[in-house]
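See structure below.
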Amino acid sequence: MKYLLPILDSTDTFAVNKIICIGRNYAEHAREMGHDPEHEPPFFFFKPQSALAQNGADFIYPHYSQQVEHELELVIAIGKSGYQIAEDQAGEWVAGFALGLDMTCRDIQKAAKAMGRPWELAKGFDGSAPCSAIQRASLADLEPFGELVLTRNGREVQRGDWRDMVWSIPALIAEVSRYVRLEAGDLIFTGTPAGVGPVEPGDELVARLEGFTEELRLQVVAA
């Protein structure tokens, strides 16, 4: 099964390959989670394609969790294959961008960490990576856009400037490609700013990028 995202202002679609998620890429978020961004550099992990959810889809609250949290992210779409990419050339791999949410079962994640176990169940469940349509764009095209903002039931809960990432977009592309070959169709969820918090069934989440007309909306529903 191919997982497809619409491309804005086009009848074409973006066939999603890998979903690569960056952790601790904003210093204030690293601190709010109890980590030191000066000594613990960002890392990355993967979500399965089944984690992808399109704009407007209901987010089904996992029945096994009591603490699901939102993490607002800028998503970079990769347009071609590359391995061990030089940072000063990495912008050539950017095909576009989108808005995303890394939905996380925080209680499951904490329990797994405490036992030294992987925490895919907390991050990689079905529908855990809602994503807007893809805006075709170069890295330079991102510059006019402002801060990332997330509201929960109309109240602002997250705000952050994507320019404040610990690792820039070119640095992320270069670092990830040191270990895995990037392919056309890959999505990089670039990390979340401070302000992550809980969601409950009945909530409406709206993510936006200042200056960008597309919004990411989802309704949280009980399992």
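The values are calculated or read from the model by the stated rules, or taken from the named source; none is laboratory data. Computed from a predicted structure; not experimentally measured. Methodologically, a virtual Cβ is constructed for each residue, glycine included, from the backbone with ideal geometry; neighbour enumeration extends over all protein chains shown. The area values use the complete protein model at the heavy-atom level, side chains included, leaving out ligands, DNA and RNA. Shrake-Rupley method; radii C 1.70, N 1.55, O 1.52, S 1.80 Å.
The table that follows gives values for the structure above.
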| read-out | value |
| --- | --- |
| Within the stretch 1-22: backbone nitrogen closer than 14 Å to the A57 label point (7 Å, Cα to C-beta) | 1-6, 14-17, 19 |
| Mean Cα-pair separation over length for the chain, i.e. relative contact order, pairs under 8 Å, 6 or more apart, % | 32 |
| Per residue, the convex hull volume that the Cα atoms of the stretch 1-157 enclose (Å³) | 164 |
| DSSP beta bridges in the chain [antiparallel fraction, %, rounded to 5] | 85 |
| Under 5 Å, built H, 5+ apart or other chain: amide partners of G197 | H70 |
| Mean-position separation - Cα centroids, the stretch 48-83 and the stretch 89-137, in angstrom | 5 |
| Amide H contacts under 5 Å for F14, placed H, 5+ residues apart | L5, I7 |
| Dipole magnitude of the stretch 118-157, debye to nearest 20 (Cβ charges: Lys/Arg +1, Asp/Glu -1, about Cα centre) | 140 |
| Value at 222 nm in deg cm²/dmol, rounded to 500, when DSSP H runs of n ≥ 4 in the chain each add -39,500 (n - 2.57) | -3000 deg cm²/dmol |
| Solvent-accessible area, 1.4 Å probe, carbon plus sulfur percent, for the chain | 50 |
| J(HN,Hα) series, the stretch 114-121, from Karplus relation 6.51 cos²θ - 1.76 cosθ + 1.60, nearest Hz, glycine and proline x | 4, 9, x, 9, x, 10, 4, 4 |
| Candidate aspartates and glutamates - alpha carbon under 18 Å from K123, same-chain residues fewer than 8 apart omitted | D58, E69, E71, E73, D102, D107, D186, E200 |
| Accessible area (Å², 1.4 Å probe, nearest 10) - H63 | 150 |
| Y179 - accessible surface, heavy atoms, 1.4 Å probe, Å² rounded to 10 | 130 |
| Debye log10 I(q)/I(0) at q = 0.16, 0.24 Å⁻¹ for the stretch 137-208, Cα point scatterers | -0.74, -1.14 |
| Simple spin-label estimate for R136 and A223 in nanometres, 7 Å along Cα-Cβ | 4.1 |
| Long-range tail of P(r) for the stretch 85-182 (Cα pairs > 24 Å, %) | 40 |
| Amide H within-cut-off set for L52, under 5 Å, with H built and near neighbours excluded | G127, A129 |
